[in-house]
Amino acid sequence: MRVQILVTHLLGTGHLSRALTLARAFQDAGHKIELISGGGPAPQLNTSSLSFVQLPALRSDGVNFTRLLTPEGRDADTAYLQQRTDQLIKTIRAFQPEILITELYPFGRRSLRSEFITALEVAKSLDHPATILASIRDILAPPSKPQKAVDADAIIAQYYDGVLVHSDPNTTQLNLSWPVSTMLASKLHYTGFVAPPAPTEHPHQLGTGEILVSAGGGNVGDALYRTALEAAKATPDLTWRLLVGGSDAAARIVTYQSLNTPALIEPARPDFRQMLCHAKASVSMCGYNTALDLLQTGCPALIAPFDAGNEVEQSLRANALSQLPGIATISSADLTATTLLSAVKKVCADPPRAIDLSQFDGATQTVTLACKIAKHTQSGKGFR
């Protein structure tokens, strides 16, 4: 089948990372795949071997997702947004997808509603209308107003043939973070967790005995990095390595290096997951992909969930993970060098936790489900 995935990451790169994992799973299964990205560049992610279309890029103004900026930091005006929409229309018509998957929308990216609706209308108006699916992670940002959930339901009822929830329903159901109506419940399909294959050991054993500090691929994590640098000064017997992501990584690295720290500081790197296999501990936030990295590798972990701007998604996920051995959480309000060090010592002393790699096969299950839904809907039978 011809499958297009439409994703726009605005702050971190987790949405794009998950979309790439899904794209590779479709490609590995023999389908023709094209990924359309509307977010900024993410050099630490591998996009090779995939058909990858880059729209004029957008990012958010920090956690203000209603203000859309160009990569240069200018407000994205009507003309800029129209360029994106025009390219999107051409791309969909040229590819003629049998399946169109929108990542997060309509549960998020409401500031890009016009763009997404245009994509949905175009996909439905093709000579052979596409099956339309939404792809969402285990935990969403809960709607700040009930009307947002009502609006999302209306769009799903009008355009969508299914909603793929990348979670294990025995672990995390969507109603933990989002109101699930009867209509929405009828369209939900749980795929299991979507993760790349579990990392193998690093060929050069990088990360061995180190405390790896990371904050994903966005321009976030300054408080976490600075606290880790204080902790590094207090523990000369430990090796701390900070992996800094985001478009401003180079400038932040220079700033951190000026703080007279013994820590190693470098840009986020593509072999991070392999380094986790050898690390003494991880100190990180709790995005979907990071959480799965920790579960796949079994690395002891201190999690400081991202909670700026009333964000609760990572806190909900962190609370669930903290029930496992070798994982502790700390809120941003309680984050100090002393509390960080205490928590790191605790998780390192905990017994190893069991690893069940079977629960991370969500990408393969997504391919199977998406194709079944498409075959049934395109035959006019529907699918449950």
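The values are calculated or read from the model by the stated rules, or taken from the named source; none is laboratory data. On a predicted model such as this, the values are computed, not experimentally measured, just so you know. Note that we place each Cβ from the backbone using ideal geometry, even for glycine, and neighbour counts take in every protein chain shown. Side chains included, ligands, DNA and RNA excluded: accessible areas come from the protein's heavy atoms. Shrake-Rupley method; radii C 1.70, N 1.55, O 1.52, S 1.80 Å.
Within the shell defined by Cβ-Cβ distances under 13 Å, the residues around Leu120 carry a net charge of 0, with Lys and Arg each +1 and Asp and Glu each -1.
Using equal-weight Cα scatterers in the Debye expression, the normalised intensity of the range 229-292 in log10 at q = 0.12, 0.16, 0.29, 0.30 Å⁻¹ is -0.33, -0.59, -1.36, -1.37.
Placing +1 on the Cβ of every Lys and Arg and -1 on the Cβ of every Asp and Glu, with nothing else charged, gives the range 233-384 a dipole about its Cα centre of roughly 440 debye.
Taking the Cβ of Asn219 as the centre, find all other residues whose Cβ is under 9 Å away and add up their charges (Lys, Arg: +1; Asp, Glu: -1). Numbers along the way, then the final one.
On the way: positive: Arg59, Arg252; negative: Asp222, Asp248.
The answer is 0.
Here the Gaussian network model covers the chain, with springs between Cα atoms less than 10 Å apart; of Ser60, Ser284, Ser125, Ser125 fluctuates the most.
Other residues whose C-beta falls under 12 angstrom from the C-beta of Leu321 contribute a net charge of 0, scoring Lys and Arg +1 and Asp and Glu -1. Averaging the Cα positions of each part gives two centres, and for the range 3-28 and the range 177-216 these lie 13 Å apart. Taking each of Lys280/Lys346; Lys124/Lys372; Lys32/Lys375; Lys148/Lys375 in turn, the alpha-carbon distance tops 21 angstrom for Lys148/Lys375.
So how strong a dipole does the range 153-235 carry about its Cα centre when Lys and Arg Cβ are +1 and Asp and Glu Cβ are -1, to the nearest 20 debye?
100
Largest mean-square fluctuation among Leu133, Leu324, Leu174, in a Gaussian network model of the chain whose springs join Cα atoms under 10 Å apart, belongs to Leu324.
Farthest toward the positive end of the dipole of the chain, out of Gln158, Ala25, Phe65, is the Cα of Gln158, where the dipole comes from beta carbon charges about the Cα centre. Under 5 Å from the amide H of Asn219 lie the amide H atoms of Ser247, each residue being 5 or more positions distant or on a separate chain, with H modelled from the backbone and absent for Pro and chain starts. Applying the Karplus relation 6.51 cos²θ - 1.76 cosθ + 1.60 with θ = phi - 60° to the range 155-163 yields 3J(HN,Hα) values of 5, 5, 4, 7, 10, 9, 9, x, 10 Hz, where x marks Gly and Pro. Partner aspartates and glutamates whose Cα lies under 18 Å from the Cα of Lys345, excluding those fewer than 8 positions away in the same chain, are identified as Glu210, Glu230, Asp237, Asp334.
Over the chain, DSSP H runs of length four or greater, each weighted -39,500 (n - 2.57), average out per residue to a 222 nm ellipticity of -11000 deg cm²/dmol. Between the residues Ala337, Leu264, Ser322, the greatest Cα displacement towards the positive end of the dipole of the range 262-384, with unit charges on the Cβ of Lys, Arg, Asp and Glu, is found for Ser322.
Just need log10 I(q)/I(0) for the range 278-384 at q = 0.19, 0.24 Å⁻¹, Debye formula, equal scatterers on the alpha-carbon atoms, no solvent, rounded to two decimals. The computed values of log10 I(q)/I(0) come out as -0.91, -1.26.
Sequentially through the range 117-130, phi angles give Karplus couplings (6.51, -1.76, 1.60; θ = phi - 60°) of 4, 4, 4, 5, 4, 5, 5, 7, 8, 5, 3, 10, x, 6 Hz, Gly and Pro residues having no value and appearing as x.
Measuring nothing but protein heavy atoms, the accessible surface of the range 62-143 at 1.4 Å probe radius is 49 percent carbon and sulfur.
Pick out which of His128, His278, His189 has the largest mean-square fluctuation in a Gaussian network model of the chain, springs linking Cα atoms closer than 10 Å. The residue that fluctuates most here is His128.
Rounded to the nearest 5, what % of the DSSP beta bridges within the chain are antiparallel ones?
Bridges in the chain are about 10 percent antiparallel.
A simple charge model with +1 on the Cβ of Lys and Arg, -1 on the Cβ of Asp and Glu and nothing else charged puts the dipole of the chain at about 520 debye relative to its Cα centre.
Surface analysis of the chain yields an accessible area of 43 Å² per residue, using protein heavy atoms and a 1.4 Å probe.
Each peptide among 92-101, 292-301, 357-366 gets the average number of other Cβ atoms lying within 10 Å of its residues, and from highest to lowest they stand as 292-301, 92-101, 357-366. Where does the Debye-calculated log10 I(q)/I(0) of the chain sit at q = 0.07 Å⁻¹, using only Cα point scatterers of equal weight, no solvent? Results for the chain at q = 0.07 Å⁻¹ read -0.31.
The phi torsions of the range 8-13, fed into the Karplus equation with coefficients 6.51, -1.76 and 1.60 and a -60° offset, translate into couplings of 10, 8, 10, 10, x, 10 Hz, rounded to whole numbers, with Gly and Pro shown as x.
Counting only protein heavy atoms and a probe of 1.4 Å, the accessible surface of the range 190-331 is 54% carbon and sulfur.
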